[in-house]
1. In the range 73-91, what residues are part of a loop (DSSP other than H, G, I, E, B), open to solvent by less than 50 Å² (accessible area, probe 1.4 Å) and under 22 Å from Gly60 (Cβ atoms)?
2. Please work out which one of (1) surrounded by 15 or more Cβ atoms within 10 Å (Cβ to Cβ); (2) in contact (Cβ under 8 Å) with a residue 24 or more places away in the chain; (3) outside any loop (DSSP other than H, G, I, E, B) is the condition Asn131 fails and give its number.
3. Please identify the pairs in which a residue from the range 36-53 that is under 15 Å from Trp92 (Cβ atoms) has its Cβ atom under 7 Å from the Cβ atom of a residue that is open to solvent by 70 Å² or more (accessible area, probe 1.4 Å), counting only partners at least 6 apart or on another chain.
4. May I ask you to verify whether Val137 is touching an Asp or Glu at 6+ places or on another chain (Cβ under 9 Å) and farther than 25 Å from Asp29 by Cα?
5. Can you find even one residue in the range 98-117 that is over 26 Å from Asn131 (Cα atoms), open to solvent by less than 20 Å² (accessible area, probe 1.4 Å), part of a loop (DSSP other than H, G, I, E, B) and modelled with pLDDT under 95?
6. In the range 50-72, what residues are open to solvent by 50 Å² or more (accessible area, probe 1.4 Å) and either at negative phi or at pLDDT 95 or above (or both)?
7. Regarding Asn39, is this residue touching a Lys or Arg at 6+ places or on another chain (Cβ under 8 Å) and surrounded by fewer than 19 Cβ atoms within 10 Å (Cβ to Cβ)?
8. For the range 55-62, check the following and say yes or no: at least one residue is touching a residue at least 12 places away in the same chain (Cβ under 8 Å) and farther than 18 Å from Ser111 by Cβ.
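The values are calculated or read from the model by the stated rules, or taken from the named source; none is laboratory data. Because the structure is a prediction, the values reported are computed rather than measured. Neighbour counts run over all protein chains shown; Cβ positions are idealised from the backbone, glycine included. In case anyone asks, the SASA skips ligands and DNA or RNA and just uses the protein heavy atoms, side chains included. Shrake-Rupley method; radii C 1.70, N 1.55, O 1.52, S 1.80 Å.
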Amino acid sequence: GQGVVVGVIDTGVNYNHVDLKDVMWTHPDFPHHGYDFVNNDNDPIDDHRHGSHCAGIVAGTGAGNFQTGVAPKAEIMALKGLDSTGSGRESWIFGALEFGGEYKADVLSLSLGWTLQANPSKAVWRDIMDNLLSAGVVVSVAAPP
């Protein structure tokens with residue numbers, strides 16, 4: 001994972017967690033290591049725990065005595081696109097995906113379990129994903145059918 005930035009698009013990330021605090025992405029314009037598209041601010045702190053769980057699977061360092069990360073030297077970009085109930089809007093996820101591409105994430109991870117509205121914006125999803133893939137960004141999605 002060294003040199004790889006992974007944008008975790010989820011309920012946020014607890015960037016103060018002992019296993020994550022040393023692997024958080026840094027940028028001078030984003031002091032809290034990413035962006036919160038739910039509340040439209042630069043503090044993507046996790047208020048649900050699922051996003052932190054996902055970030056730990058990627059890059060947990062083991063500082064809390066349980067190494068969980070498959071890539072503990074990767075950097076985590078926290079992108080909050082789901083709220084405290086684990087629900088979200090397409091526009092929040094679209095914003096997070098575009099942010100990850102703009103700020104050069106190498107991988108974007110989405111573990112989404114919320115139900116979209118009846119008519120999802122398939123063309124927008126396709127355009128954003130095509131743009132990310134063209135830019136060389138790997139997008140990993142776990143979602144229910």
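1. Those that are part of a loop (DSSP other than H, G, I, E, B), open to solvent by less than 50 Å² (accessible area, probe 1.4 Å) and under 22 Å from Gly60 (Cβ atoms): Ala74, Gly81, Leu82, Gly86.
2. (1)
3. What qualifies is Asn42/Pro31.
4. No: the conditions fail for Val137.
5. No: zero hits.
6. Scanning the range 50-72 gives His50, His53, Ile57, Ala63, Phe66, Gln67, Thr68, Val70.
7. Considered against the rule, which asks whether it is touching a Lys or Arg at 6+ places or on another chain (Cβ under 8 Å) and surrounded by fewer than 19 Cβ atoms within 10 Å (Cβ to Cβ), Asn39 comes out as yes.
8. yes
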